[in-house]
1. Does segment 95-102 contain at least one residue that is in the same structural domain as Phe184 (by TED's automatic domain parsing) and within 26 Å of Asp268 (Cβ to Cβ)?
2. Among (1) touching a residue at least 60 places away in the same chain (Cβ under 8 Å); (2) hydrophobic (A, V, I, L, M, F, W, C); (3) out of contact with any His (no Cβ under 8 Å at 6 or more places or on another chain), there is one condition Phe87 misses while meeting the rest; what is its number?
3. Can you tell me which residue within segment 182-196, out of those that are surrounded by 12 or more Cβ atoms within 10 Å (Cβ to Cβ) and without any contact (Cβ under 8 Å) to a residue 24 or more places away in the chain, is nearest to Glu153 (Cα to Cα)?
4. Do we have Arg52 as within 30 Å of Leu123 (Cβ to Cβ), among the basic types (Lys, Arg), in a loop (DSSP other than H, G, I, E, B) and outside the structural domain of Ser271 (by TED's automatic domain parsing) here?
5. Leu309: modelled with pLDDT under 95, in the same structural domain as Leu258 (by TED's automatic domain parsing) and either closer than 23 Å to Ala263 by Cβ or not small (Gly, Ala, Ser) (or both), yes or no?
6. Could you grab me the full set of residues in segment 112-155 that are over 22 Å from Leu169 (Cβ atoms), surrounded by 13 or more Cβ atoms within 10 Å (Cβ to Cβ) and of a type in the set (A, V, I, L, M, F, W, C)?
Amino acid sequence: MAFLDQAKPDQPLALWVHYFDAHAPYQGQVDEPDPGVAYRSEVEAMDAAFGRLREAVARRGRPVIWWVLADHGEGLGEHGERTHGLFVYDSTVHIPMWLSAPGIAAGARDDLATQVDVLPTTLGLLGLPLPVDVDGINLLASKRETDAQVVVETALPYFDFGISPLHALRGHSHKYIAAPKPEFYDLATDPAEQTNLIPGDQPTGLAAEWSVDLDGYLLEYGSIDQAVTRAASADAETSERLRSLGYLSGSDMGLGQLDPKDAVALVDGHSRAVELAGAQRMTEAIDELDRVLVSFPGARAALYLRARLLAATGQYVAAEVDAKAINTRHPDADSVLLAAQLALLLRRPDDARVLLAEATRLDPNHGGALVVLGDLALQDGNRDQARAYFQQALDKDGGRIGRQVRARLQRMEQPAPVPGQ
């Protein structure tokens with residue numbers, strides 16, 4: 001709103017606004033038996049905020065193209081999914097998508113559309129040419145054929161839980177999901193996707209044809225796990241040093257090709273722990289994760305969250321055990337930086353520096369590396385250098401690590417305790 005107030009009335013604007021309110025963990029959800037109640041209240045609050053935005057834009061008096069769409073839906077218990085990202089059922093991938101622009105009559109369409117259609121449709125409205133090989137279509141100029149398919153994927157099972165990612169093809173009336181236990185649905189007669197038409201694990205008939213179509217896509221572009229495997233390489237010296245610390249064995253988290261359908265209890269327990277932690281009920285959250293990890297000892301997300309909560313409650317040695325379990329098999333910059341912070345807290349700065357180098361390799365743009373450097377400077381007694389690192393982190397990556405950096409800077413401004421008092 002402040003940006004709009006400062007913009008010149010005759011200045012063309014492209015404004016992107018992301019409302020995060022209607023997103024887990026929902027306010028008041030922890031003890032609410034029906035998550036839909038909490039979710040609905042957040043949707044209503046978001047709707048009211050969007051109304052204020054529309055009024056502010058209208059006051060500018062210029063023609064407006066509005067796209068209003070979601071990045072995903074919410075399971076709210078359908079297929080056992082509390083939130084989103086685990087599955088690719090229509091409960092989470094069939095989203096609201098509205099377009100309003102001068103000259104477009106009100107109405108609804110039932111043909112197949114996807115988020116990649118936003119760019120070509122907008123360029124068409126503006127009378128601008130399409131880039132070569134652009135994904136998507138201009139929805140105002142054409143419709144997809146009745147036999148068209150669009151790709152749907154989720155990487156969350158792989159990255160967060162170390163289990164199989166999902167790839168799918170969605171058509172007008174059918175959907176094929178490639179999974180350890182593949183699925184095929186007739187959406188015309190079964191829109192809730194309750195009856196899997198694949199007997200056993202081997203597609204036949206029309207399902208087999210769709211399976212071949214998806215295999216062709218994966219052969220051309222690669223699957224999620226294949227892309228990660230290609231990217232996961234380190235120089236020999238760093239790899240050897242990390243292995244000496246007990247990291248980088250190169251295996252998965254022990255869940256391998258577990259089908260997300262068999263991991264509902266894992267994800268549900270993890271979601272519950274997130275909600276409890278958000279309500280500052282740390283002991284209950286850790287207990288919830290303990291229960292999850294009894295059944296799924298290699299669950300990456302549960303291990304990572306428990307490590308963070310253990311660290312937050314001062315249990316550094318136990319937290320490091322979980323961090324090492326993750327980074328031995330499925331590291332990313334966040335988990336390696338957590339291990340670096342723990343090494344610092346346990347007074348092992350040399351180990352922290354090695355881990356810091358690996359985290360920087362995994363994500364050169366992660367501001368958390370500068371935070372660790374600042375913490376190292378503080379341990380060395382160099383407050384000015386630490387302050388400089390923290391400010392660099394804030395400038396570089398404030399959206400991701402701003403809260404922890406500001407807390408450090410605030411603590412540094414507090415007077416040092418006087419010995420003996």
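The values are calculated or read from the model by the stated rules, or taken from the named source; none is laboratory data. Every value quoted in this text rests on a predicted model; they were computed, and no experiment measured them. Reconstructed Cβ throughout: ideal geometry from the backbone, glycine too, with neighbour counts over all protein chains shown.
1. Yes; the residues of segment 95-102 include at least one that is in the same structural domain as Phe184 (by TED's automatic domain parsing) and within 26 Å of Asp268 (Cβ to Cβ).
2. Exception for Phe87: condition (3).
3. If we take residues in segment 182-196 being surrounded by 12 or more Cβ atoms within 10 Å (Cβ to Cβ) and without any contact (Cβ under 8 Å) to a residue 24 or more places away in the chain, then Glu183 is nearest to Glu153 (Cα to Cα).
4. No.
5. Taking the combined requirement at face value, the residue does not satisfy it.
6. Listed by number, the residues that qualify are Leu123, Leu125, Leu130, Leu140.
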